[in-house]
1. Calculate, axis by axis, the spread of Cα positions in the chain along the three principal axes, and write the results as whole Å, longest axis first.
2. Relative contact order (percent) for the chain, with alpha-carbon contacts under 8 angstrom and 6 or more residues of separation?
3. Of all the Cα-Cα pairs you can form in segment 36-135, what percent are over 21 Å apart?
4. Evaluate the relative contact order of segment 84-173 (contact order divided by residue number), counting alpha-carbon pairs under 8 angstrom at least 6 apart; express in whole percent.
5. In this model, which of Lys63/Lys170; Lys230/Lys264; Lys46/Lys244; Lys152/Lys275; Lys115/Lys152; Lys170/Lys205 are farther than 29 Å apart at the alpha-carbon?
6. Within 11 Å, Cβ to Cβ, of Ala179, how many net charges do the neighbouring residues add up to if Lys/Arg are +1 and Asp/Glu are -1?
7. Taking 7 Å along the Cα-to-C-beta vector as the label spot, tell me the Ser142-Glu78 distance in nanometres, rounded to one decimal.
8. Name the residues whose placed amide hydrogens come within less than 5 Å of the amide hydrogen of Thr144, ignoring near sequence neighbours (fewer than 5 apart) on the same chain.
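Where a number appears in this text, it was derived from the coordinates with a stated rule and is not lab data. Computed from a predicted structure; not experimentally measured. Cβ sites come from the backbone with ideal geometry, for glycine too, and all protein chains shown count toward neighbours.
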Amino acid sequence: MCGLIGNPVGHSISPVIHNTLADIMGIDLVYTTFKVEENQVEAAVKGAYALDILGMNVTVPHKQAVMRSLKEIDPLAEAIGAVNTLARVDGGYKGYNTDILGLERELEEENVCIKDNPVLIIGAGGAARAIAFLCASRGASSITVINRTVEKAQNIAEAVNGYYGIDSVKAVSIDQACALQGDRYVAIQTTSVGLYPDVDNVLIKDENFYRKVGVGVDIIYNPYTTRFMKILSNQGKPAYNGLKMLLYQGVAAFEIWNNCSVSKDMADRVYESMKEAMGINE
Ligand code: ATR
């Protein structure tokens, strides 16, 4: 038995990911969702342990709060300050951040290389912070965090520079971003701008900005092709959405819980099931 705690959880695609994987791999596992109120996170984690639940995913709004109820925390998740996967260990659960492992696996699959490349992160919320830690840990040559509120980008830059003892993470305003030099940035869009139903919107409207970008990833997956992706595609550049990140965060959690390895072919089958469940025909 595995499950998801969060609030709301009713429309989660995670049961499709895990129950399909269990089916394909012949593993005797059932995954369901549990709506948990904010003041019940610790009780939920203890209860899950008492019920012999193998693993849990954690979603909004509990990804930070759950960290107080864990036995151990993986170092990258600790640095990021957010946990989305709990794996049963002796006496409690160990926390991981497979959201970020999911993005890493999507980047690998699409041949988007972080090591020794300059990265632009658009936005400075929780997702941007996690992505900045990932890119620093994987050896990006520079990381520029672009945000409407520059102070929030500066906070991320200071946290990542401090943690890794580097000075290659910088914060800039949207105007400054448009004046950056270079033409091969890996740009990762992390804001909610462009999310359904606001599908024609994009945070940086100046199309010249996109000339600096070599490849783009939008962590949004609804719509399947965002405005950000369309601008890049129109300039002949590859652009990916966040649906594989969602797939692979689940795959990574499933692998941790079951001590197994999910092949590309199996992951592709799960991806098709997700698209079908979400009504995506592209
Ligand atoms: P998450 O934790 O999911 O990453 P978040 O904390 O809500 O999301 O962060 C949202 C990000 O999107 C922020 O960088 C926010 O910019 P501000 O820090 O300036 O608020 C950005 N964002 C959201 N809506 C925006 C808008 N309409 N224009 C500009 N930036 C926006």
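1. Dimensions of the chain along the principal axes of its Cα atoms: 56, 43, 32 Å.
2. On the way: 524 pairs, mean separation 47.6, N = 282.
The value is 17 percent.
3. On the way: 1879 of 4950 pairs.
Counting pairs separated by more than 21 Å, the tail of P(r) holds 38 percent.
4. RCO, segment 84-173: 22 percent.
5. Values: Lys63/Lys170 26 Å; Lys230/Lys264 27 Å; Lys46/Lys244 31 Å; Lys152/Lys275 34 Å; Lys115/Lys152 25 Å; Lys170/Lys205 21 Å.
Beyond 29 Å: Lys46/Lys244; Lys152/Lys275.
6. Values: positive: Lys212; negative: Asp175, Asp206.
Here the count lands on -1.
7. It is 3.2 nm.
8. Correct list: Val119, Leu120, Ile121, Lys170.
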